[in-house]
Amino acid sequence: MDKPLDHGSSIGLERSNFMWLKIGTYIVYLHSLSTSLPNGKLTPWAALITKMQLIFFAPALLLPNVLAEHFQAPLQPTGSLSFTPKDHLHDDPNRNINTNTIPHGITDDSRIIHNQTFDYIIAGGGLTGLTLAAKLVSEKKYTVLVIESGFYAWEYGPKIDDLNTYGQVFGSSVDHAYETSPQLVGNDGETGLDKDIRLVRSGNGLGGSTLINGGSWTRPHKSQLNSWEKVFGNTGWSWEALKGKMEEIEVPRDPKTDNITKGSLHSFDAECHNKEPDRGRVKVGARDRGYGWSQLIGALMETVKKTYSGVVNQKDLCCGDPTGVSMFLNTLTNEQVRTDAARSWLKPILDDQELREYITVLTGELVGKVHLDNGPALRMGAKWQAKGVEFGVHKKPEWKWDAWARNEVLLAAGSTISPLILQWSGIGPKAWLDAAGIEQKLDLPVGYNLQDQTTTSVVTKPKESGNGQGQAAYFATFAEIFGDEAEQMKKILNDDKELDKWAEHAVKGHGFPDKANLLKQYKNYRDWLLTDKVSYAELFLDTDNSTHFDLWNLIPFTRGYVKILDNDPYLRSFEYNPRYFENILDLYGQAAATRLARQLTNTYDMKQYVDKEQVPGRYVPQGANLSQWADYVKQNYRANYHGVGTCSMMKRDLGGVVDSEAKVYDVKGLRVVDGSIPPTQLSSHVMTVFYAMAVKIAESVINDAGKT
């Protein structure tokens, strides 16, 4: 049995209390600014409140000395995560601190990292960042610094470890909970019924979003990954090139040989999984809640077959053709514990005394920008060279720090933050940088091409005969989603003039730099949907306590953006605008998928196991047409939290930010390695591809190090 990461050491509680005291002190400062008169003085009432707050929070100014005395010896938790528990106060950088010894393992003391040099600096300790770090460290040649904004979230251990508690940590400190800008929520740019701000869930802590996601383990269609090479010019990026990487990382368990799945309808094809599981890192297997399996899973399979003849169900969704209805694997250990990226990649390093000497993980700090140099030493045609990063929590000199990279800086902060770090570094569209007060160093379309999906739900109370556990996904094609209206929608999609209008609207809304290259993306998506028949929407069924469908349009044509709004990276002031449903096909696709979920629930084999519909219920009448469903969807959707494309990997003349080795164009020693680089959406969970992506790029990084 895997030894769990320690959740119970006293260091976490005391450090957490101290952090909140610091935050409280800083709130006092911000409050004083917000309540001042035009001449800069506080109003009498604000002055009184501020004095009272300062009296309450004053201990935060003295506490560091107490903590430093208490934490003289490094703590070694039973889970083998090694901490360097300094007081973490960003005080005078000239204070006499011994920086000759760089800490190995995890630390939250920025001062001992300041002005230190590492072979590689990785911004972000999430899925790709920790995978990349593990691959580099395993060479036993290179020192690696990982800087993560969050911490090791021990206090959320049970809720994180148990996939069945999905959503319970949303809104906590382990969730960034980014806000979108107000969404138009209309048809192709027309004024909608309201303007909404939506939350985008994103993991904050060692492990990133693998701490909070649903843990589904599926892979996309072969043609989707093949297009990365054929359409976008990314040499070496295809299904065959990535298949081995996706297999390499996993430690799969065949559900058919696992007693807990007796009576379930899982499917497993050994040819699609790791043949050497002892060399894998991410444990995957069947989810089990400890009680009987619902008849609804089989009923869904039969209902889909009777609705659309020819649909093949009950197959392994990791083999390059995710269509039909199937159960699937999850990122779980034998003991049903979540296998997040920290558990899979970081913990083995920290448990190995030799490997641990090569890694330093700094938590609780934001990477603000990349230090770029354009001195005479530049070679190989680059205009700039990445020399290191600035990090901290505030723009004041005593609250920000520097670290330096001998070889490369690797951005792995996610599809929201990595493009912002580039923009704060002076890389991005001139108009955006000028508006934020940043001097442009390099003109690249950083922040464009944001593609995110949308989610709606259909929930029905099951009859007693339908009770039980189980999860399955129906990956439905374009024709299956639209049903009787499929031919009409195909005509729209085949109309080049219509695509031209979509592209023009997206470019005007800063979704992409130019219309001609966006049209190439649209035609690629059209080929996927109409020729390759890739999955257009996923209908995800969970039978625990309810017949609950969550469903999302997998292939959005809408394009959005993310851009900075201020020159201070530590304010994290930015605009995230996915422009949900500004493309009419996206809206109707989501509406049709929601309609199909209701239809399946109330026909053929499924209807005998369900009772009263709870969502949408009376808000959408029975027999509603597509327009009525679209009106409902506008008001009742959420983000799907799978944004990609903001630092797209494609040829530069197509709108690319990074090349096929993830290197930022015209910058030596700088790569982006996260969800911002896929140029397209995918008809699967993104985890499998992101892990493979990190492994592939790590090989390129190591290969380049060997050349130099």
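The values are calculated or read from the model by the stated rules, or taken from the named source; none is laboratory data. All of these numbers come straight from a predicted model, not from anything done at the bench. Here Cβ is always computed from backbone atoms with ideal geometry, including for glycine, and neighbour counts include all displayed protein chains.
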### Task
Would you mind telling me which numbered condition in (1) crowded, with 21+ Cβ neighbours inside 10 Å; (2) more than 30 Å from V633 (Cβ to Cβ); (3) at pLDDT 95 or above L225 fails?
(2)
### Query
Would you pick out the residues in region 296-310 that are in a helix (DSSP H, G or I) and not aliphatic (A, V, I, L, M)?
G298, E302, T303, K305, K306, T307
### Task
Can you confirm whether region 270-280 contains a residue that is within 30 Å of K607 (Cβ to Cβ) and in contact (Cβ under 8 Å) with a residue 12 or more places away in the chain?
no
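Yes or no, residue by residue, for (1) under 19 Å from V393 (Cα atoms); (2) touching a Ser or Thr at 6+ places or on another chain (Cβ under 8 Å); (3) at pLDDT below 50:
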site	(1), (2), (3)
D87	yes, no, yes
I102	no, yes, no
I106	yes, yes, no
Y142	no, no, no
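Given the criterion surrounded by fewer than 24 Cβ atoms within 10 Å (Cβ to Cβ) and not in a strand (DSSP E or B), identify the matching residue among Y641, Y691. Steps first, answer last, please.
Numbers: Y691 fails: surrounded by fewer than 24 Cβ atoms within 10 Å (Cβ to Cβ).
One residue alone meets the criteria, Y641.
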### Query
Filter region 114-131 for residues that are in a loop (DSSP other than H, G, I, E, B) and surrounded by fewer than 24 Cβ atoms within 10 Å (Cβ to Cβ); which is nearest to the chain's Cα centre (by Cα)?
H114
#### Entry: Condition check for V137: closer than 30 Å to V633 by Cα and modelled with pLDDT of 90 or more
no
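Could you tell me which of the residues A299, A286, A270 is hydrophobic (A, V, I, L, M, F, W, C) and either surrounded by fewer than 21 Cβ atoms within 10 Å (Cβ to Cβ) or at positive phi (or both)?
Values: A299 fails: either surrounded by fewer than 21 Cβ atoms within 10 Å (Cβ to Cβ) or at positive phi (or both); A286 fails: either surrounded by fewer than 21 Cβ atoms within 10 Å (Cβ to Cβ) or at positive phi (or both).
Answer to the check: A270.
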### Query
Would you pick out the residues in region 453-510 that are under 21 Å from K523 (Cα atoms), of a type in the set (V, I, T) and crowded, with 16+ Cβ neighbours inside 10 Å?
T477, I481, V507
### Failed item in (1) touching a strand residue (DSSP E or B) at 6+ places or on another chain (Cβ under 8 Å); (2) touching a residue at least 40 places away in the same chain (Cβ under 8 Å), with E302 passing the rest
(1)
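Out of all the residues in region 660-678, which are touching a residue at least 12 places away in the same chain (Cβ under 8 Å), at negative phi and surrounded by fewer than 24 Cβ atoms within 10 Å (Cβ to Cβ)? Lay out the reasoning, then the answer.
The first filter runs over region 660-678 and keeps only residues touching a residue at least 12 places away in the same chain (Cβ under 8 Å), leaving 660-662, 664-678.
Cutting the leftovers down to at negative phi gives us 660-661, 664-665, 667-668, 670-678.
Within region 660-678, S660, E661, Y665, K668 qualify.
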### Task
State whether the residues of region 459-478 include one that is modelled with pLDDT of 95 or more, assigned to a helix (DSSP H, G or I) and not assigned by TED's automatic domain parsing to the domain that holds S264.
no
### Task
Determine whether S309 is modelled with pLDDT of 95 or more, within 26 Å of F549 (Cα to Cα) and either small (G, A, S) or surrounded by fewer than 15 Cβ atoms within 10 Å (Cβ to Cβ) (or both).
no
### Query
Among G623, G706, which is the only one that is assigned to a loop (DSSP other than H, G, I, E, B) and out of contact with any helix residue (DSSP H, G or I) (no Cβ under 7 Å at 6 or more places or on another chain)?
G623
### Query
Take the residues of region 235-267 that are of a type in the set (S, T, Y) and without any contact (Cβ under 8 Å) to a residue 60 or more places away in the chain: which is surrounded by the fewest Cβ atoms within 10 Å (Cβ to Cβ)?
T257
### Message
Whether any residue in region 537-545 is more than 20 Å from F232 (Cβ to Cβ), touching a helix residue (DSSP H, G or I) at 6+ places or on another chain (Cβ under 6 Å) and surrounded by fewer than 23 Cβ atoms within 10 Å (Cβ to Cβ) is what I want to check.
### Response
no
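Return the residues of region 263-279 that are in a loop (DSSP other than H, G, I, E, B) and over 26 Å from the mean Cα position of the chain (by Cα); say none if nothing qualifies. Explain how you work it out, then say what you get.
So the first thing to find is which residues in region 263-279 are in a loop (DSSP other than H, G, I, E, B), and the list is 263-269, 273-276.
Across region 263-279, the qualifying residues are G263, S264, L265, H266, S267, F268, D269, K275, E276.
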### Query
Within region 589-597, can one find any residue that is in a helix (DSSP H, G or I), under 30 Å from P419 (Cα atoms) and of a type outside the set (D, E, K, R)?
yes
### Query
Which of the residues spanning region 493-547 are over 22 Å from V644 (Cβ atoms), polar (S, T, N, Q) and at pLDDT 95 or above?
N494, T531, T543, T547
### Message
Testing D194 on (1) within 15 Å of the chain's Cα centre (by Cα); (2) at pLDDT below 95, one condition comes back false. Which one is that?
### Response
(1)
